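The values are calculated or read from the model by the stated rules, or taken from the named source; none is laboratory data. Computed from a predicted structure; not experimentally measured. All Cβ positions, even for glycine, are placed from backbone atoms using ideal geometry, and neighbour counts span all protein chains on display.
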Amino acid sequence: MDINVAKRGPVQLIKLRGALRMGTAVDSFRQTVEEALNNGDTRLVLNLAEVPMIDSTGIGLIMRFLASTKQRGGNTKLVQPSKFAVQTLRLVGVFNLFEVFDDDEAAVESFTKTSEPRQIRERKEQSS
């Protein structure tokens, strides 16, 4: 698994590439996010566009990070989860707990918006 971390203002953008399953992939991901949390970063954007598969260990870890960031006044948001990732998150009943975005910028910007998320506002504008 490849993990790319970029700081965008107060937001940590974490792009994952490869299967997120038990073993070194989950261990590397856990270490990356725990470092961010230990440094006080509580606003996480996880780009899952190139994650073809997530097992129960990966889902558990994402849920743990969602809970940790929310407890600290932040949040964990998802960008472009793959079809398999969406199906898996829905199957275990947690997909609706996440804000999901079509691109990194919309997810990052959503942390600074006090009104409705950008993806909802754009859809309303398109239907007008």
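Determine whether ALA85 is modelled with pLDDT under 95 and assigned to a helix (DSSP H, G or I). For ALA85, the condition - modelled with pLDDT under 95 and assigned to a helix (DSSP H, G or I) - is met.
Among the residues making up the stretch 54-63, those that are crowded, with 17+ Cβ neighbours inside 10 Å, assigned to a helix (DSSP H, G or I) and aliphatic (A, V, I, L, M) are ILE59, LEU61, ILE62. On the given criteria, is VAL79 at pLDDT 95 or above, under 26 Å from THR112 (Cβ atoms), in contact with a Leu (Cβ under 6 Å, 6 or more places away or on another chain) and surrounded by 13 or more Cβ atoms within 10 Å (Cβ to Cβ)? The answer is no for VAL79.
Let's see how each residue does on (1) touching a Lys or Arg at 6+ places or on another chain (Cβ under 6 Å); (2) assigned to a loop (DSSP other than H, G, I, E, B); (3) free of Cβ contacts under 8 Å to residues at least 40 places away in the same chain:
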{"residue": "LEU13", "(1), (2), (3)": "no, no, no"}
{"residue": "VAL26", "(1), (2), (3)": "no, no, yes"}
{"residue": "ARG30", "(1), (2), (3)": "no, no, yes"}
{"residue": "GLY40", "(1), (2), (3)": "no, yes, yes"}
{"residue": "PRO52", "(1), (2), (3)": "no, yes, yes"}
{"residue": "PHE65", "(1), (2), (3)": "no, no, yes"}
{"residue": "THR76", "(1), (2), (3)": "no, no, yes"}
{"residue": "LEU89", "(1), (2), (3)": "no, no, yes"}
{"residue": "GLY93", "(1), (2), (3)": "no, yes, yes"}
